[in-house]
Amino acid sequence: MEFSSKLLENAVYEMSQLPGVGKRTALRLVLHLLRQPQSQTEHLTNALGALRKDIKYCKTCFSISDVDICEICNNPSRNRGIVCVVEDIRDVMAIESTGQYRGLYYVLGGKISPLDGIGPNELNIASLVEKAALGEIKELIFALSATMEGDTTNFFIYKQLEGLDIKTSTIARGIGVNDELEYADEVTLGRSIVNRIPFEKAIKNS
């Protein structure tokens, strides 16, 4: 693709680095921004700049937050004895959209994937086990995607919890195998949370 402007080419290149955005889509987005009032582009630039500069990670659950402790962890109406273990904030948002869950979350920051060089030490697993050992958590819900990496991560955490008086469960497999949680419809995901099953049972059936 040949450009008549180096400024346009640079903008398209940077836009095309976003996941799922090819060069043609990037060009369409950049040209759209050029057609809008300059203030709109400035609002977008300022929002992205503030995101990078001011964003925090909750010290309790590791979800993205504006403050040290996120709004969900700070909400006194949430059930603090139930913690849902997810991969990232997209899964938190997907589960929250169902309106079926009133516990807390714990964001691992990924899944164990040796092929990608991601081991347990690269994830927020150690602090989860430490938190579970304090005895305040009564149930951990494994809500990782139904993939080999997700199942491996679930099982690794489960083994780390041996000897602790804590219930472990996993979302019911209304979510198809190899499906990512964020793409599940709200009704299916909500039912999967409500109808969760003991993790030990899930191991035997896998």
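Is there a residue being more than 16 Å from the chain's Cα centre (by Cα) and among the β-branched types (Val, Ile, Thr) anywhere in the range 148-159?
Scanning the range 148-159, I find at least one residue that is more than 16 Å from the chain's Cα centre (by Cα) and among the β-branched types (Val, Ile, Thr), so the answer is yes.
For the subset of the range 159-185 comprising residues that are of a type in the set (S, T, N, Q) and at pLDDT 85 or above, which member is surrounded by the fewest Cβ atoms within 10 Å (Cβ to Cβ)? Show your work before the answer.
Our first condition is that a residue be of a type in the set (S, T, N, Q); within the range 159-185, this holds for 160, 168-170, 178.
Then drop every residue that is not at pLDDT 85 or above, which leaves 160, 168-170.
Details: Gln160: 16, Thr168: 21, Ser169: 20, Thr170: 26.
Ranking the candidates gives Gln160 first.
Just one of Leu29, Leu51 is modelled with pLDDT of 95 or more and of a type in the set (A, V, I, L, M); which is it?
Exactly one of Leu29, Leu51 is modelled with pLDDT of 95 or more and of a type in the set (A, V, I, L, M), namely Leu29.
Looking at this structure, is Ile112 crowded, with 16+ Cβ neighbours inside 10 Å, more than 17 Å from Asp88 (Cα to Cα) and in contact with a Gly (Cβ under 9 Å, 6 or more places away or on another chain)?
no
Based on what the data block shows, is Glu136 at pLDDT below 95 and under 23 Å from Ile82 (Cβ atoms)?
Numbers: at pLDDT below 95: yes; under 23 Å from Ile82 (Cβ atoms): yes.
Yes, satisfied.
Does the range 69-84 include one or more residues that are of a type outside the set (Phe, Trp, Tyr), touching a residue at least 40 places away in the same chain (Cβ under 8 Å) and touching a Phe, Trp or Tyr at 6+ places or on another chain (Cβ under 6 Å)?
yes
Checking Leu27 against (1) without any contact (Cβ under 8 Å) to a residue 24 or more places away in the chain; (2) more than 24 Å from Lys167 (Cα to Cα); (3) not aromatic (Phe, Trp, Tyr), only one condition comes out false. Which one?
(1)
Please identify the pairs in which a residue from the range 86-108 that is closer than 15 Å to Arg196 by Cα has its Cβ atom under 7 Å from the Cβ atom of a residue that is β-branched (Val, Ile, Thr) and at pLDDT below 90, counting only partners at least 6 apart or on another chain.
Final answer for the pair search is Ile95/Ile193; Thr98/Ile193; Gln100/Ile193; Gln100/Val194; Tyr101/Ile193.
Can you list the helices (runs of 4 or more DSSP H) found entirely within the range 1-82 that contain at least 1 residues being surrounded by fewer than 13 Cβ atoms within 10 Å (Cβ to Cβ), outside the structural domain of Lys138 (by TED's automatic domain parsing) and not small (Gly, Ala, Ser)? Give the steps one after another, and end with the answer.
Details: elements: 6-15, 23-35, 38-54, 71-74.
Ranges flagged: 6-15, 23-35, 38-54.
Can you spot a residue in the range 150-158 that is outside the structural domain of Leu34 (by TED's automatic domain parsing) and loosely packed, with under 14 Cβ neighbours inside 10 Å?
Among the residues of the range 150-158, not one is outside the structural domain of Leu34 (by TED's automatic domain parsing) and loosely packed, with under 14 Cβ neighbours inside 10 Å, which makes the answer no.
Please go through the range 115-147 and pick out each residue that is surrounded by 18 or more Cβ atoms within 10 Å (Cβ to Cβ) and over 17 Å from the mean Cα position of the chain (by Cα).
Ala132, Ile137
The values are calculated or read from the model by the stated rules, or taken from the named source; none is laboratory data. Remember, it's a predicted structure, so these values are computed and weren't measured experimentally. Glycine also receives a Cβ, built like all others from the backbone with ideal geometry; neighbour counts cover every protein chain displayed.
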